[in-house]
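Working notes, structure below.
The values are calculated or read from the model by the stated rules, or taken from the named source; none is laboratory data. The shown structure was predicted, so the numbers you read here are calculated from the model rather than taken from an experiment. When we count neighbours, we look across all protein chains shown, and the Cβ atoms used for this are built from the backbone with ideal geometry, even at glycine. SASA here: full protein model, heavy atoms, side chains in, ligands and nucleic acids out. Shrake-Rupley method; radii C 1.70, N 1.55, O 1.52, S 1.80 Å.
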Amino acid sequence: LVAGGLTNQADPTDTLELYDVFTGEWTEVELRMGTGRYRPSLSPLPDGRVLLHGGTDPQRNAAAVDLFNPQDNSVSQGNAPQNARRHHGHLTVRVGNADNVLFAGGEIWQGAYRAAPDADLYVVASGVFASINLSQSRRGPALVPAGDDRAMVAGGNRETNQIPGLPVQALSAVDTYRIEWRWSQFALLQTLA
């Protein structure tokens, strides 16, 4: 599955295409995503659907996620996160007996494009987002599995080069987090590696 991208006019596109590895042929999916997305994250869900998130312009508000079902090539919209983000990391994380998808860092809009200080956990069972804070802002981090209910957030940079006079600072630190349900909400707890 290939989702989104840019048109020749540099506008995010809402198209979906499937590549058949056996025949080498491409097929454009008739249905479209609910919004154009540039470099969205694609996360396979336990039920076979694919969650498409991000890749929209943070200055233009968060768009609902798209859910692609390969059984019938249908596309449905889910809920929207609190903030639009792009250039983020994503990872499927098992919390308790359920798989969820963690979207961490990236770029958000706060009067200018800024490195995101938070993460969104997409709770697959309910289709809602839980917002949780990171120990530091990260644009373009990598997310690495560290066992059930754990994820490592690595690298990225503190700010973007779109802010005049503010240098880009690459991060070499790795933070390990444990995700747990406490006090009727999800918490992202930093742990030692």
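Provide S74, S135, S172, S41 ordered by accessible surface of protein heavy atoms (probe 1.4 Å), highest first.
Working: S74 35, S135 60, S172 115, S41 5 Å².
Listed by decreasing accessible area, they come as S172, S135, S74, S41.
Keeping the other protein chains in place, figure out the carbon and sulfur percent of the accessible area of the chain, with a 1.4 Å probe. Display every interim value, and only then the final one.
Values: 4690 of 10090 Å².
Answer for the chain is 46 percent, counting heavy atoms of protein chains only.
Amide H neighbours of G156 under 5 Å, at least 5 residues apart or on other chains, H built in the peptide plane: list them.
Close amide H contacts, sequence-distant or interchain: A142, L171.
So what J values fall out for the stretch 89-94 if you push phi through Karplus, 6.51 cos²θ - 1.76 cosθ + 1.60 with θ = phi - 60°, rounded to Hz, Gly and Pro as x?
Listing the rounded values in order: x, 8, 6, 7, 10, 8 Hz.
Can you tell which of G105, G36, G96 shows the greatest fluctuation in a Gaussian network model of the chain with Cα springs below 10 Å?
G96
Under a point spin-label approximation (7 Å from Cα along Cα-to-Cβ), what is the R60-R39 distance to one decimal in nm?
Here the modelled spin labels are 1.7 nm apart.
Counting only heavy atoms of protein chains, what accessible area per residue, in Å², does the chain have with a probe of 1.4 Å?
Details: 10090 Å² over 193 residues.
Ligands and nucleic acids excluded, the result is 52 Å² per residue.
Considering the chain as a Gaussian network with a 10 Å cut-off on Cα pairs, which listed residue, V128, V101, V21, attains the greatest mean-square fluctuation?
V21
Once you put a point 7 Å from the Cα of N97 and another 7 Å from the Cα of L31, both along the Cβ direction, what distance in nm separates them?
Label at N97, label at L31, 3.0 nm between them.
Let's see if you can work this out: charge +1 on each Lys and Arg Cβ, -1 on each Asp and Glu Cβ, no other charges. What is the dipole magnitude of the stretch 46-143 about its Cα centre, in debye to the nearest 20? Spell out each step's value before the answer.
Working: 8 positive and 8 negative charges, 68 e Å.
Approximately 320 debye in magnitude.
Enumerate the calculated ³J(HN,Hα) couplings along the stretch 131-145 in order (Karplus 6.51 cos²θ - 1.76 cosθ + 1.60, θ = phi - 60°), each rounded to whole Hz, writing x wherever the residue is Gly or Pro.
Once rounded to whole Hz, the list reads 8, 9, 8, 9, 6, 7, 5, 9, 9, x, x, 9, 10, 10, x.
Could you tell me which residue out of G54, G34, F22 lies farthest along the dipole of the stretch 19-65 toward its positive end? Charges go on the beta carbon: Lys and Arg +1, Asp and Glu -1, centred on the Cα centre.
Among G54, G34, F22, the one farthest towards the positive end of the dipole of the stretch 19-65 is G54.
Among (1) -0.74, -0.79; (2) -0.66, -0.71; (3) -0.50, -0.60, which one is log10 I(q)/I(0) by the Debye sum over Cα atoms at q = 0.11, 0.12 Å⁻¹ computed from these coordinates?
(3)
With springs only between Cα atoms under 10 Å apart, run a GNM on the chain and tell me which of Q169, Q82, Q71 wobbles the most.
Result: Q71 has the largest fluctuation of those listed.
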